[in-house]
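Step one of this worksheet: look at the structure below.
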Amino acid sequence: MAKQKNNVVVEETDNGKKLPFAKMNYILVLVGVFLIALGMILMIGGGSTDPDVFNDKMFNFQRITLSPILILAGFVVELVAIFYKKK
C-alpha cells in the first residue's frame, strides 16, 4: 500500500514499516547487478597456460570493448534505480 505525504510516495509493508524504495527500484538494482556481473564474466580469460607463448585472445572485442560498456551500463542502471520515483 502506498501513502502520499508531502507529495512523496512512501511504500508500506503489511505491518506498517516503511520501505525506502518501491518494487521497481529493487528490480532495477537487480538488473544493474546482473549487467555488472555479466561484464566481469565476459572479461575473464584470454590468458595463456604457457608463459613463453603470447595469446592474442586477451585483446579481442569482448574483453576490450563489450565488457567495459556492460559494466558502465550496469552502474548507470544502478544510479537510475536509486533516483527512480513513482509519479
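Please treat every number below as a calculation from the coordinates, not as lab data. Keep in mind it's a predicted model, so treat the numbers as computed, not measured. Counting neighbours? That spans all protein chains shown, and the Cβs are built from the backbone with ideal geometry, glycine included.
Sticking with the crude label model, points 7 Å out along Cα→Cβ, report the distance from Ala73 to Asp52 in nm, one decimal please.
If labels sit at Ala73 and Asp52, their model points lie 4.2 nm apart.
Given a Förster distance of 25 angstrom, what is the FRET efficiency for Ala37 paired with Val80, based on the Cβ-Cβ distance and rounded to 0.05?
After rounding, the FRET efficiency stands at 0.90.
Can you give the translational diffusion coefficient of the stretch 24-87 in µm²/s, computed by Stokes-Einstein from the Kirkwood radius over Cα pairs at 37 °C and 0.692 mPa s?
It diffuses with D of about 249 µm²/s by this estimate.
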